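Presented below is the structure to which this report refers.
The values are calculated or read from the model by the stated rules, or taken from the named source; none is laboratory data. Model, not experiment: these values are computed from the prediction. Ideal geometry is used to build each Cβ from the backbone, glycine not excepted, and the neighbour counts take in all protein chains shown.
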Amino acid sequence: MGTCKRCNRPLKTPRSIEVGYGPVCKKKHDEAEEEFLKRQVTIDDVMEYEERMAR
Ligand SMILES: [Zn+2]
């Protein structure tokens with residue numbers, strides 16, 4: 001039986017065990033990841049812009 005990677009609670013459904021998170025933690029994890037990816041893109045865009053301006 002698996003436990004949630006985020007809160008270490010036992011996972012009840014096969015789906016949760018498969019993803020490694022409980023439903024609530026999965027949602028939070030996805031949101032955090034989405035936010036992280038969004039920020040990554042933004043930082044990359046800024047870096048690229050600054051690089052262009054420096055030339
Ligand atoms: Zn959890």
Given the criteria outside any helix (DSSP H, G or I) and under 13 Å from the mean Cα position of the chain (by Cα), does K28 qualify?
no
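Results for (1) of a type in the set (F, W, Y); (2) touching a Pro at 6+ places or on another chain (Cβ under 9 Å); (3) near the ligand (Cβ under 9 Å from one of its atoms), shown as yes or no for each residue.
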site: G2; (1), (2), (3): no, yes, no
site: V24; (1), (2), (3): no, no, yes
site: R39; (1), (2), (3): no, no, no
site: V46; (1), (2), (3): no, no, no
Answer from T3, T13 - the residue that is surrounded by 12 or more Cβ atoms within 10 Å (Cβ to Cβ) and without any contact (Cβ under 8 Å) to a residue 60 or more places away in the chain
T3
For the list (1) at pLDDT 85 or above; (2) basic (K, R); (3) surrounded by 10 or more Cβ atoms within 10 Å (Cβ to Cβ); (4) assigned to a helix (DSSP H, G or I), I need the number of the one condition that R39 fails.
(1)
Does K5 satisfy the condition of being of a type in the set (D, E, K, R) and outside any helix (DSSP H, G or I)?
yes
